[in-house]
Amino acid sequence: MTETPPICWIEVAVHTPAHSGVGHWLSYRSPTPLEPGQLVRVPLGRREVLGVVWRAGLPEPDLAPGAIKDIVGLLDGLAPLDAHWRQLMAFAAQYYQRSLGEMALSALPPQLHDLDSVQLARRLKKQAAPATVAQIQPGPDLSPQQAQALQQVETAPGPFLLFGNTGSGKTEVYLRAVQQVLEADPQAQALLMVPEINLTPQLEARVRERFGQTAVVAMHSGLTPAQRLQSWLAAHHGAARIVLGTRMAVLAPMPRLKLIVVDEEHDPSYKQQEGARYSARDLAIYRGQQCGAKVLLGSATPSLESWHHSRPAEEGGRYLRLHMPERIGAAALPVVRRVDMNHQPRRTVLSAPLVQALQARVQRGEQSMLLLNRRGYAPVLYCADCGWKSECRHCSAFRVFHKGDRTLRCHHCGATERVPRACPGCGNADIAPLGRGTEQLEEHLAELLAGIRRPDGQPVRIARIDADTTRLKGALESQLAQVHSGEVDILVGTQMIAKGHDFRRITLVAAVNPDSALFSSDFRAPERLFALLMQAAGRAGRDADQGGSEMLVQTFHPTHPLFEALKRHDYPAFAASELAERTAAGLPPMSHQALLRADARDQTVAQQFLNTARATLEAWLCEEPGGAAVLENVSLYPAVPMSLQKVADVERAQMLIESASRKDLHRLLSRLQDVLQTLRTNPAHKGLIRWLVDVDPQAI
Ligand code: ADP
Ligand code: ZN
Ligand code: ZN
């Protein structure tokens with residue numbers, strides 16, 4: 001009797017290009033039985049790629065003999081990715097309109113794609129057993145409001161929105177919540193997410209100090225590929241009890257996940273801006289529900305979405321709002337003063353009240369922080385004779401003047417050249433900077449305060465932190481360390497300096513020129529500005545014994561409601577007025593949006609593609625049962641050029657899709673890919689480079 005080999009027919013998710021039109025998974029044959037979630041290497045075209053077994057033990061597909069290839073290898077030694085993880089990938093792929101293979105495979109650490117099973121076995125040997133919780137160090141005694149918040153997290157199901165003032169001790173609540181779940185279950189895992197891990201080495205240090213070195217792994221793009229793989233393996237095999245990471249960490253397999261914390265949940269960095277444009281915050285909510293983990297979102301200025309979701313349950317709220325209004329140690333929030341720039345001489349950069357306030361801080365040996373959301377020396381170079389401006393040849397934007405290295409740099413495509421000696425338009429030697437950035441502010445400040453002395457008789461020390469000064473690895477850390485240790489009197493910077501840092505000696509924070517966000521075409525701009533200013537204000541007066549801390553806001557619109565609310569540190573009032581406007585205009589969170597974007601060499605091609613897609617979609621849906629009703633509830637707007645229309649010689653157009661019904665929006669989106677695939681080969685759309693769908697876009 002001859003034994004037939006136990007052939008196993010499987011379907012495998014592989015990373016197919018988004019536009020290839022290939023289905024979600026491909027069929028293969030395995031000589032040995034496999035199960036879903038295992039990782040295999042499979043032939044794909046002429047390549048050999050990594051894949052995730054999605055379904056196994058299938059009947060032999062009805063295809064020509066030889067049409068189905070054998071897998072090349074199995075990454076054994078790795079536990080299969082569990083059903084929860086696979087379900088998370090399937091949900092995210094469907095929700096964000098990407099292929100399952102792309103979603104699942106891009107969630108795996110890059111190095112895993114290149115390893116064979118022998119190399120993997122070597123990596124796996126380095127893995128430790130799950131860390132025990134015996135090593136947890138005690139934290140400080142909780143304040144009454146911290147204790148109350150924690151108790152709610154312990155007893156209610158959540159999700160929770162921890163609405164806590166800057167300095168109210170949210171981090172301590174996170175750590176205690178982590179401690180609770182780790183102690184309750186010797187294998188439980190917790191996920192702690194932060195918007196930008198490079199800005200929070202303090203948090204990592206604190207977590208490691210509290211829970212022990214081995215219990216924690218970090219997961220973010222700053223790690224080497226080898227480190228990232230080790231972290232991922234530790235999460236997947238449960239050796240890591242705590243994963244501390246940026247948005248990518250929400251996709252890590254954590255089989256015993258019991259708690260997800262999303263710190264600074266309002267931060268736009270939680271939204272991925274390329275490939276699958278997922279929101280890590282929103283996936284955290286889904287994931288928590290799906291695997292039974294509690295979800296704790298935290299912020300001093302919650303996103304209006306989360307704020308709205310945490311309205312009282314009687315009004316339809318789905319999150320439980322936990323409020324911590326007081327700062328630890330009764331440290332006072334800074335007094336907010338608005339400086340009316342209409343009453344300052346024209347072209348004033350730093351108003352007299354601000355200069356006086358800065359001088360006083362320097363003389364008293366206190367620190368100040370100046371916020372200007374524009375790096376470089378000046379946003380434009382300008383010739384007054386012929387009107388020439390430093391436009392980028394490849395983008396619909398100006399190249400920014402950087403004085404330090406005398407370059408003109410485009411912040412969109414990166415094109416860089418030396419500053420011309422004379423105007424390229426007319427030869428005039430007198431081309432001048434227009435507007436100002438952080439580099440110029442730093443220079444200007446040094447001139448203004450040249451005669452001012454510190455208490456020790458030394459001149460003022462000014463430092464600047466922005467994307468330009470922190471290019472080199474470790475630069476940000478060392479610059480922040482200087483601020484913390486008091487080697488800096490005035491810190492100038494972009495939004496980078498406003499987020500999360502626990503500076504102890506700052507008593508003055510100033511927003512130099514915040515007005516443009518009040519009148520932006522992006523409806524989220526005021527929300528962003530308010531959050532930024534509240535965060536910035538939160539950097540001042542963190543020590544109770546520093547009385548007299550201030551925030552100065554230079555504005556031409558001092559009575560604007562946003563600044564009124566800021567003056568009172570009144571996020572709820574700001575949120576209420578914004579939500580009223582959003583309700584009136586039918587904007588998120590009262591409605592749901594998706595953007596369809598097309599890129600082409602030519603703007604007309606891009607727009608035509610979108611408009612044809614819209615017409616086709618409408619025609620298709622009309623033919624389908626229930627389709628007309630869906631169309632009633634969804635608005636498809638005509639294609640328009642994006643506000644930044646051209647980047648690196650590519651013309652961009654977008655089409656907004658909006659609906660009060662998430663279900664109908666998704667029903668429509670589910671037909672979109674088929675429409676786009678059909679249109680793509682149509683010669684009418686020659687010159688189309690790519691399209692992309694952004695669900696719940698963060699910028700319109
Ligand atoms: P938030 O994240 O809400 O801005 P933090 O967690 O940074 O606030 O806390 C502010 C400061 O208060 C930190 O220096 C922290 O160590 C300290 N702190 C937090 N909770 C307590 C507590 N219960 N007792 C003493 N100090 C605390
Ligand atoms: Zn000129
Ligand atoms: Zn450019």
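Would you grab the residues whose amide H sits under 5 Å from the one on GLY73? Only those 5+ places off in sequence or on another chain, please, with H modelled 1.01 Å from N.
ARG41
Roughly how far apart, in whole Å, are the Cα centres of the stretch 44-117 and the stretch 479-523?
Between the Cα centre of the stretch 44-117 and that of the stretch 479-523, the gap is 45 Å.
Can you give me the distance in nm between label points at ASP114 and ARG418, each placed 7 Å from the Cα along the Cα-to-Cβ direction?
3.8
Check which residues have an amide H placed less than 5 Å from MET551's amide H, if you skip close sequence neighbours.
Amide H to amide H, under 5 Å and 5 or more residues apart or across chains, MET551 pairs with VAL335, VAL336, ARG337, VAL509.
How large is the dipole of the chain about the Cα centre if only Lys and Arg carry +1 and Asp and Glu carry -1, each at its Cβ, rounded to the nearest 20 debye?
1180
In whole Hz and in residue order, list the ³J(HN,Hα) couplings for the stretch 427-435 that follow from phi through the Karplus curve 6.51 cos²θ - 1.76 cosθ + 1.60, θ = phi - 60°; x for Gly and Pro.
Listing the rounded values in order: x, 4, 7, 9, 8, 10, x, 10, x Hz.
Quick one: Debye curve from the C-alpha atoms of the stretch 256-354, no solvent, what's log10 I(q)/I(0) at q = 0.17 Å⁻¹?
Reported log10 I(q)/I(0), two decimals: -0.89.
Find the relative contact order for the stretch 152-230 and round it to a whole percent, using C-alpha pairs within less than 8 Å whose residues are 6+ positions apart.
Taking the mean separation of contacting Cα pairs over the length of the stretch 152-230, I get 16 percent.
List the chymotrypsin sites (Phe, Trp or Tyr not before Pro) in the stretch 526-608 that DSSP assigns to loop (not H, G, I, E or B) and whose Cβ has at most 14 other Cβ atoms within 10 Å. Which are they?
Hits after loop and neighbour filter: PHE556.
Quote the charge dipole size of the stretch 290-441 about the Cα centre in Debye, to the nearest 20; the model charges only the Cβ of Lys and Arg (+1) and of Asp and Glu (-1).
It works out to roughly 260 debye.
Which of the listed residues, VAL153, LEU692, VAL355, is farthest toward the dipole's positive end in the chain, when Lys, Arg count +1 and Asp, Glu count -1 at the beta-carbon?
Ranked along the dipole, the leading option is VAL355.
Once you compute Rg and the Kirkwood Rh from C-alpha atoms, what is the Rg to Rh ratio for the stretch 326-471?
Rg divided by Rh gives 1.05.
Roughly how many nanometres apart are two label points built 7 Å out from the Cα toward the Cβ at LEU472 and SER670?
Calculated label separation equals 5.5 nm.
Over the Cα atoms of the stretch 508-612, what is the Rg over Rh ratio if Rh follows Kirkwood?
Across the stretch 508-612, the Cα-based Rg/Rh ratio is 1.14.
Give me a comma-separated list of calculated 3J(HN,Hα) values for the stretch 690-699, in order, Karplus coefficients 6.51, -1.76, 1.60 applied at θ = phi - 60°, integers in Hz, x for any Gly or Pro.
Here the 3J(HN,Hα) series is 6, 10, 7, 10, 10, 8, 6, x, 9, 9 Hz.
Take the alpha-carbon positions of the stretch 25-109, form their convex hull, and give its projected area averaged over all directions (one quarter of the hull surface) in nm².
Computed as one quarter of the Cα hull surface, the answer is 6.2 nm².
Above 45 Å lies some portion of the pair distances; for the chain, what is it as a whole percent of all C-alpha pairs?
28
Per residue of the stretch 549-558, what does 6.51 cos²θ - 1.76 cosθ + 1.60 with θ = phi - 60° give for ³J(HN,Hα)? Whole Hz please, x for Gly and Pro, Karplus curve as stated.
Each residue's phi maps through the Karplus curve to give 7, 9, 10, 10, 10, 8, 8, 8, 10, x Hz.
For the pair ARG47 and ASP502, what calculated FRET efficiency results from E = 1/(1 + (r/R0)^6), where r is the Cβ-Cβ distance and R0 = 45 Å, to the nearest 0.05?
Taking R0 as 45 Å, the efficiency between ASP502 and ARG47 is 0.40.
SER635: net charge of surrounding residues, Cβ under 12 Å, Lys/Arg +1, Asp/Glu -1, itself excluded?
For residues surrounding SER635, the net value is -3.
Would you mind checking LYS473/LYS499; LYS389/LYS473; LYS170/LYS499; LYS646/LYS686; LYS499/LYS567 for any pair whose Cα atoms are more than 24 angstrom apart?
Violating the 24 Å Cα-Cα cut-off are LYS389/LYS473.
Using only alpha carbon positions, build the gyration tensor of the stretch 597-695, then give the equivalent ellipsoid semi-axes as the square roots of 5 times its eigenvalues, largest first, whole angstrom.
Here the semi-axes work out to 25, 15, 10 Å.
At most 15 other Cβ atoms within 10 Å and a DSSP loop assignment: could you name the trypsin sites (Lys or Arg not before Pro) in the stretch 26-104 that fit?
Sites meeting the loop and neighbour criteria: ARG46, LYS69.
Multiplying the sequence separation of ASP141 and GLU35 by 0.36 nm and subtracting their Cα-Cα distance, what value in nm do you get?
33.3 nm
Restricting attention to the alpha-carbon atoms of the stretch 340-389, what are Rg (one decimal) and Dmax (integer), both in Å?
15.7, 48
What residues qualify as long-range amide H neighbours of ARG464, i.e. H under 5 Å apart, gap of 5 or more or another chain, H built at 1.01 Å from N?
HN-HN under 5 Å from ARG464: VAL492.
Calculate, for ILE452 and ILE68, the FRET efficiency according to 1/(1 + (r/R0)^6) with r their C-beta to C-beta distance and R0 56 Å; round to the nearest 0.05.
Given R0 = 56 Å and the Cβ-Cβ separation, E is 0.10.
Which residues does a label at ASN682 reach in the stretch 598-619, if reach means a backbone N under 11 Å from a point 7 Å past the Cα toward the Cβ?
608-619
Return the ratio Rg/(2.2 N^0.38 Å) for the stretch 173-296, where Rg is computed over Cα atoms only.
Against the compact-globule rule of thumb, the ratio is 0.96.
Any chance you could tell me what percent of the C-alpha pair distances in the stretch 424-531 go past 18 Å?
Tail of the P(r) past 18 Å holds 62 percent of the pairs.
Pairs of Cα atoms under 8 Å, at least six residues apart: use those to get the relative contact order of the chain, whole percent.
Dividing the mean separation by the residue count of the chain yields 11 percent.
Laboratory data are not the source of any read-out in this text; all were calculated from the coordinates shown. Fair warning: this is a prediction, and the values are worked out from it, not measured in the lab. Cβ sites come from the backbone with ideal geometry, for glycine too, and all protein chains shown count toward neighbours.
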